[in-house]
Every structure is written in structure tokens, then in C-alpha cells.
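**Q** Please see the structure below; I have some questions.
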Amino acid sequence: MLGVFHDLETYGHEQVTFFHDKESGLKAIIGVHSTVLGPSLGGCRMWKYTDEQAALRDVLRLSRGMTFKAAVAGLKLGGGKAVVMADARTEKTPEMLKAFARAVESLNGKYITAEDVGMSVSDIDTIRGITNHAVGGSNEGGSGDPSGMTAFGVFHGMKAAFKFAGLGESLNGVRVAIQGVGNVGYHLASYLSAAGAKLIITDIYPNQIEKVVQEFGAEVVGPDQIYATDCEIFAPCALGAILNARTIPQLKCKVIAGSANNQLEVDSDGFDLFNRGLVYAPDYAINSGGLINVAAELDGYNHERVVNKVSQVYNTIENILEISRNQQIPPHQAADALAQQKLTEAKKLQVKTKTTV
């Protein structure tokens, strides 16, 4: 059985740190994938993982994705991520959050945390009481809940992918199947409803489904039915690894564009989508709006500038899909190549700067 160091070598991380606080019950992992472009920034995910290996795998994949997300978005930030092994609904306490904040503070700014699954703006406020290395709070200059901006970026990226697929400019009357209508999925449903799209949704939490049905008149299907739903666009907005050998053959959509991280279970799934002629908007490129939003705090938050930059996710997706078509490679590889190019250029500049000093 391959172990932790094999995983670190595979993903190329700079640092992975494990934290345990007995009194609060904190069990956390912080992964710093890269600081080539700047300090690593990424949300903290609180989730009841099946075991430590699952938590480690998640933090490694997510933090690597954050490096590429920041690079493609043109931000001067590296990629990092944290996971806390706990049920956010039943086990989260202020003491646990403060213990996590002390863990973040111990990394001396190498990692900046933010909100992710299982975390809220008020949680970030608690964390900021211990460390300044946190963004997305409600404090003065804070950007607050990033989910609205994430959805705004996904909406624009979705339109770019839809147009690229030769389906036109307007989403009026277009059937969009949303998997997961939590924070981001709800906001995405709002944007799509305003654009005249017909919504088909699923979620594991009935109250979230009811809210979207009441406000936007969405049709509801079961969690396992969403893949085979007749639609033009499939929008994964829950957890990752949902595009795989079992689900891809069921898809009846033409475009895949959603906010979930790490949508491809394995690399070959991206090739499968490409060979089937499905237009896939790479997850970390289309869902960068939240990162752009919280990152703006570091230079003085300005909402108008953020809205303008997040709307440019349209151009990012359009560029990646054009690279994919021109080079005849899957979009996820095109996105990776674009990110790697920016990282390589930054490394060369660092070396040049060092040699001239």
C-alpha cells in the first residue's frame, strides 16, 4: 500500500502539516501545495471523512487545484487548503475553530484560510480573533460569503461553454440540471432562473431543495437520477469525483459546467468526456469567483472591481476551450497547461531576480 510520502511526491506539495488538539477534538490537515506565485490561499473544509486517508487525499487534491485556480485566474497567490475531520452540523465548536486558527497562525502566513464546505462567515470571524491569516469574514474590509461570487463566475463560464458548444448565446428555456443546491448551487439557480433557464435539481438536504423549488419553480429528481436527466447543461455543485466510469455513460447533457471541486474522479475521465464530444468547463477555472472575491481583501476590497474580474471567467473558459480544440486535448489538460505555463514563467522570473541581486 502506497503511503503519505508517495502522495506528496505525486502531487508536488511544498508542505503538509497535521494538527491535533485533544481538548477541542480538532483533527486537521493543512496542505500547502505551492507558494511560487505568492502565499497559499484556500478554504477550510469541515467534513466527516470516512478515515484519515480520505481526508489527506482530499486536502492534497484540493490544495493542488487551488494553485492552478489562482494561476489561471491571474492572481498573485499560491495554492493551499485545510480539512477538519468533523461533522460541521454536530461537532463544530468555538474551541475547535480557535484551535484551528492557532494551527493556521503557526504557519506564519504561508497559508491563508477562508470559508469552504462546512464553514461560515461567522466561523471565519471567530478564526480572525486568533489569526489575521484568514479572509472572507464580516469584519471591516471583509468580503463576506464568497458563494455568491463563485456562482456568478460559474454562470458566466457556463455561458461561454454553452456558446462554444454551438448552442447559442441565450440560456432562456435551456434545461440545467444542478447537483447540489447549497450556498453556491442556490445562487447559481438564482442567476439561471433570472436568465430564463429551466432548473432540474437534486440535493441530500430536503430544506435546500424546498427553498429552490419555492423560489425558482425547479423540478426535483433523486440524487442518482441527476446524471441521466435530459438537459443541455449539467452543473455539479456538490462534492467531487462525480464524473467517473459509472456516471459519464449516463450523461445526456451537452455541457458540463459547475462549481464542485475535483469533478473528475481520475484523469482518464476527462479524456472520456472529450471523446464523447461533451464540452467540459474545468472546475478550478470556472469556480474561481470565490477565490477572486476573498483574495481582493489582501489589496483592499472593492466590490465593483471584483464583479468585473469575476465576470472575466467567461474569457478564461473560452480561452481554455479554444486551446483544447486547437491542440486536440481535453479541456482539463488545456487548463493545466495554462496554469503550468504561468507557474513556469514565475519560477524563471524568481531565478532571474536572484541571479541579478
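No value in this document is a laboratory result; all are computed from the given coordinates. Here the structure is a predicted model, which means the values were calculated and not measured. FYI the Cβ positions are ideal-geometry reconstructions off the backbone, even for glycines, and counts take in every protein chain you see.
**Q** Please identify, among A103, A177, A114, the residue showing maximal mean-square fluctuation in a Gaussian network model of the chain using a 10 angstrom Cα cutoff.
**A** Ranking A103, A177, A114 by mean-square fluctuation puts A103 first.
**Q** Once the Cα gyration tensor of the chain is found, what semi-axes does its equivalent ellipsoid get, as square roots of 5 times the eigenvalues, in whole Å, sorted largest first?
**A** In descending order the semi-axes read 30, 24, 20 Å.
**Q** Also, quick follow-up: When the chain is fully extended, how far beyond the present Cα-Cα distance does N207 get from A54, taking 0.36 nm per residue of separation?
**A** 52.3 nm
**Q** Give a residue-ordered list of calculated ³J(HN,Hα) values for segment 183-189 (Karplus: 6.51 cos²θ - 1.76 cosθ + 1.60, θ = phi - 60°; whole Hz; x for Gly, Pro).
**A** With the stated coefficients, segment 183-189 comes to 4, 5, x, 5, 5, 4, 4 Hz.
**Q** Would you compute the Debye intensity of segment 119-174 from its alpha-carbon atoms alone, equal scatterers and no solvent, and pass along log10 I(q)/I(0) at q = 0.25, 0.26, 0.31 Å⁻¹ to two decimals?
**A** Rounded to two decimals, the profile gives -0.91, -0.96, -1.16.
**Q** For Y111, Y227, Y314, what's the fewest-to-most ordering of other Cβ within 10 Å of each Cβ?
**A** Fewest-to-most Cβ neighbours within 10 Å comes out as Y314, Y227, Y111.
**Q** Oh, and also: Mean residue ellipticity at 222 nm from the helices of the chain, using -39,500 (n - 2.57) per DSSP H segment of n ≥ 4 over the full residue count, to the nearest 500 deg cm²/dmol?
**A** One gets -14000 deg cm²/dmol as the mean residue ellipticity at 222 nm.
**Q** Just list whichever of K254/K348; K76/K198; K27/K69; K110/K342; K22/K110 have alpha carbons separated by over 28 Å in the model shown.
**A** K254/K348; K76/K198
**Q** Based on Cβ point charges of +1 for Lys and Arg and -1 for Asp and Glu, what charge dipole magnitude is obtained for segment 147-339 about its Cα centre, in debye rounded to the nearest 20?
**A** 380 debye
**Q** Which of G270, G74, G290 moves most in a GNM of the chain, Cα contacts under 10 Å?
**A** G74
**Q** Run the numbers for S268 and N319: contour at 0.36 nm per residue of separation, minus the present Cα-Cα distance, in nm.
**A** Residue separation times 0.36 nm, minus the Cα-Cα distance, leaves 16.2 nm.
**Q** Another one. How large is ³J(HN,Hα), in whole Hz, for each residue of segment 94-102 in order, when computed from phi with the Karplus curve 6.51 cos²θ - 1.76 cosθ + 1.60 and θ = phi - 60°, using x for Gly and Pro?
**A** x, 5, 5, 5, 5, 5, 5, 4, 5
**Q** Report the gain in length on full extension from K22 to R89: 0.36 nm times residue separation, minus Cα-Cα distance, nm rounded to one decimal.
**A** Taking K22 through R89 to full extension adds about 22.1 nm, to one decimal.
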